[in-house]
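The values are calculated or read from the model by the stated rules, or taken from the named source; none is laboratory data. Note that this is a predicted model, so its numbers are computed, not measured. When we count neighbours, we look across all protein chains shown, and the Cβ atoms used for this are built from the backbone with ideal geometry, even at glycine. Heads up: the accessible areas ignore ligands, DNA and RNA and are worked out on the full protein's heavy atoms, side chains in. Shrake-Rupley method; radii C 1.70, N 1.55, O 1.52, S 1.80 Å.
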Amino acid sequence: MFRCFIVGLLLGVASVRGASLLTWNQLPPLPDKLGVAGAFAGVSGGALIVAGGANFPDRLPWEGGQKIWHDTAYVLTDPAGSWRVAGKLPRPLAYGVSITAKDGLVCIGGSDAVRHYADVFLLNSHGEVKRLPPLPRPVANACGALLGDTIYIAGGTETPDATNTLATFFAFANNQWQELPPWPGPGRMLAAAGVQAGNFYLMGGVDLSAGPDGKPARAYLKDAYCYNPKSGWKRIADLPHPVAGAPSPAPATGQAHLLLLGGDDGSKAGFQPIEQHPGFPKTILAYHVITDTWAPVGGVTAAHVTAPTTWWKGRCVVASGEVRPGVRSPEMWAFTAATGKAGFGWLNYATLAIYLVGMVLFGLSFASKNKTTEDFFRASQRVPWWAAGLSIFATLLSSITFMAVPAQAYLVGWNFFVANSYLLLTPLVIAVYLPFYRKLNVTSAYEYLERRFNVATRLIASALFILFQCGRIAIVLYLPALALATVSNLDVTTSIILMGVMCVIYTMFGGIEAVIWVDAAQTIILMGGALLALVTVLLKVEGGPVAIVAIANEHGKFFQTLPWSWDYTVGAAWIIILGSIFINLFPYTASQDVVQRYVTTRDERGARRAIWTNALMCLPGQALFFAIGTALFVFYREHPQRLDVAMQNDAIFPLFIVREMPAGVAGVIVAALFAAAQSTLSSSLNSVATAYVTDFHRRFRPHATDKSCLRLAQILTGVIGLAGTAVALILARSDIRSLWETFLSVIGLFGGTISGLFVLGLFSRRAHGYGALVGALLSAGLVYWISANKLASFWCYAAVGVTACIVLGWLASLLLPGPRTAPDGMTVYTMRKNPS
């Protein structure tokens, strides 16, 4: 019994597997007590509108009843309120397409008892109707959805007695209709449309043909198609079974799912006696756009067909509809989607606690060595080269990378792997930049800019670095904590406080030496954790590595989608390769958190080894995280039911960690994620304190004692760390994340400009301080303008920043008064001279 318990504990999953949560609730029923099918539904001015539709008010169809079309528009302003009549449609109408646009509900096509219509009009919550350009032809029983600013309409029938369906595809943009090429399949009506991840989807439906008696014969369909505005149509995975009349548009949940909420599968067609029809299937089918798979994800509370859907006040509303052939329901159902959370388990908590306490104690063991600022900022240059190299690697591999790289490979493949330009940059860094930093004996990288140009250049570059790092601290803490909290019961507040406060403690007292040694330990933990994660996925995929490679290759998850062109507006191969060189130029040559490691080793030879250690680790390290993403794609393609319909794509690795990892192992991987965050955080804290004390405090208070500077550096480390932790907590409780990320993105645009200042100073004899400042300001403005107007891919921003700073700075130096030549020892042409 005991043995079984231990085996179950170690081999069982880390926690009970959480499920996606679709929470259903009822809104006030429609005033029409019978309900309607084929109504128009949408939102205008924050109010829910349901208009038109058809029902059998006197007798049911098998009793000889006649279908009646309606024109009343009802409005609901509060989920707990009451419906009111807002007005009427231009005519009784049903079975058209409903689209919620920014100006109100767009009603497209539809039918009455006599004919089908091409009419299109806009309806608002006041009952006001505005005519829009009509469809190219009459259409009813079609489906449609809004993608961006374009309305797409697919299929339908043209007349009430049609014995064939339409295979037409219309697009409405710029106030005009255009007929586009149809999907590569049969025509259809009563299909479901949906929009997800920038694509339009067409799923299931019914095809018609003339039966032996001349009446329409139905063929229920299960094929499905995806339309991309740039690349056109492609067929996607078939539905598990036919579906027709499912509420449409199919609601999009999370970043990668579309839901078919029941629908008619045709299995009860011709059921007799019809008055005893059991109702339509309740199964919800979820389509995952990344793995191209379908999976059942529970059932609807009430199965309604020929009902429109719309999003209103954070919930998806299914408006009335048909519950059995000929039988309507006035019930209004709505659901919200939330990620199911899995328990983290005591063994995982224990593993994580051991890691956190161990790192703090290890870091604090260096506290007694910090007697001077030389100890605190440069470890008195006693750090072994291999530890410095591991620290550089850990500094640049943040928690965001830990999650984002596997997610990128899972989403689109290995395209960004070609951005590994570290080996190309390393010879340049070692041959040019490193000798300057070592011979100048700098503590801050930006000391060089003052010696080469002027104090203003130094202060501006240092201030931008400090601002970016201070803002980045909060994001580095917040994003992994949010991802873990989304998929597990590991509280976001607890995660942020644990990562932030415990890192602040050892960084504040241990200085750069503690940071580097803890980084080295954390590198082993995070890379070991990543390797363990990959092995776990491999063991869970049927067929192992061979199957993963084959399936991933079949679905284009390596480099198949990478365009080998020079198109600078997209992530084309050559643009990524060249752009990454300029992007990586900043961290390796001009960013204090990395440059600081160059001056912590005993000599320049040790620093060279440290830089090569990082460079040689980057390629296999990046490959490991890309491989995890590829393996996750194959795993979830084999097990789509284990995905969460409400999740964000970047949470795919945390989802696997907390739901699929064995107990205890999940704790190790989460510890690795914490390690990735803390290694970046500790580097940011120490480098910011170093930059401020060296570039600002000592610059303007040259007589300050070393002891007071050391105390200030420690206090700054604590204050900035705790402030960053507090901001991360605020982000977790408010809606300012977008503003904060905007701030970081704007500050981050200047990395190329700062890199350009160093290149200008090192390689130009003629450039001087005033010209460099003008070039930097114009470069920053140009990059911001290109970014704001989306004139190029983000891969180009750093290249533009560096190039513009060099060219404009050099030209400005020719035009503005200033020194005609650089100080001795400050350029590559004179660096062998002893700098003053």
> the range 611-658 to the range 233-268: how many Å between their Cα centroids?
Replying inline: 28
> To the nearest 10 square angstrom, how much accessible area does Lys88 have with a 1.4 angstrom probe?
Replying inline: 120
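Need one number: % antiparallel among DSSP beta bridges in the chain, to the nearest 5.
So the antiparallel bridges amount to about 95 percent of the total.
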> Between Trp564 and His639, what FRET efficiency comes out of the Förster formula 1/(1 + (r/R0)^6) with R0 = 45 Å and r the beta carbon distance, rounded to 0.05?
Replying inline: 0.85
>> Can you tell me the orientation of helix 544-554 relative to the chain, as the angle in degrees between its alpha-carbon axis and the longest Cα principal axis, to the nearest 10?
In response: 70
> Pairing the Cα long axis of helix 737-748 with the longest principal axis of the chain, what angle in degrees results, from 0 to 90 and rounded to the nearest 10?
Replying inline: 40
> Which sequence of Trp346, Trp795 reflects their accessible areas, 1.4 Å probe, from the largest down?
Replying inline: Trp346, Trp795
> In the structure shown, do any of Lys67/Lys268; Lys102/Lys268; Lys67/Lys88; Lys67/Lys282; Lys88/Lys313; Lys88/Lys268 have a Cα-Cα gap over 29 Å, and if so which?
Replying inline: Lys102/Lys268; Lys88/Lys268
>> Not counting ligands, DNA or RNA, and with a 1.4 Å probe, what is Trp233's accessible surface area in Å² rounded to the nearest 10?
In response: 50
> Given Cα pairs under 8 Å that are at least 6 residues apart, what percent is the relative contact order of the chain?
Replying inline: 14
> Could you give the angle, 0 to 90 degrees to the nearest 10, between helix 604-638's Cα long axis and the longest principal axis of the Cα atoms of the chain?
Replying inline: 10
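Round to a whole number: what % of the accessible area of the range 332-437 belongs to carbon and sulfur, probe 1.4 Å? Display every interim value, and only then the final one.
Numbers: 2590 of 3560 Å².
Carbon and sulfur atoms account for 73 percent of the accessible area of the range 332-437.
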> In terms of solvent-accessible area of protein heavy atoms at a 1.4 angstrom probe, what is the ranking of Val783, Val570, highest value first?
Replying inline: Val570, Val783
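Using 1/(1 + (r/R0)^6) with R0 = 60 angstrom and r between the beta carbons of Glu179 and Val719, what's the FRET efficiency to the nearest 0.05?
0.40
Given a 1.4 Å probe, how much area per residue of the chain is accessible, in Å²?
For the chain, the per-residue accessible area is 39 Å².
Rounded to the nearest 500, what is the chain's calculated 222 nm mean residue ellipticity when only DSSP H runs of at least 4 contribute -39500 (n - 2.57) each, over all residues? Don't skip to the answer; put the middle values down first.
Details: 21 runs with 362 residues, N = 836.
Value at 222 nm, helices only, nearest 500: -14500 deg cm²/dmol.
Keeping every protein chain in place, order Trp517, Trp386 by accessible area at 1.4 Å, biggest value first, i.e. largest first. Kindly include the intermediate steps, with their values, before the conclusion.
On the way: Trp517 55, Trp386 110 Å².
Ranked from most to least accessible, the order is Trp386, Trp517.
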>> For a quick check of understanding: with a 1.4 angstrom probe and all protein chains in place, what accessible area in square angstrom does Thr168 have, to the nearest ten?
In response: 10
>> Using a Cα-Cα cut-off of under 22 Å, which lysines could be cross-linked to Lys234, ignoring same-chain neighbours fewer than 8 residues away?
In response: Lys222, Lys557
>> For the range 252-355, place one equal point scatterer on every Cα, skip the solvent, and apply the Debye formula. What is log10 of I(q)/I(0) at q = 0.10, 0.11, 0.20, 0.22 Å⁻¹?
In response: -0.42, -0.48, -1.07, -1.19
> In whole Å, what is the distance between the alpha-carbon centres of the range 551-578 and the range 70-98?
Replying inline: 48
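Assuming R0 = 30 Å, what is the FRET efficiency of Ala113 and Ala219, from their Cβ-Cβ distance, to the nearest 0.05?
Details: r = 25 Å, r/R0 = 0.84.
For Ala113 and Ala219, the calculated efficiency is 0.75.
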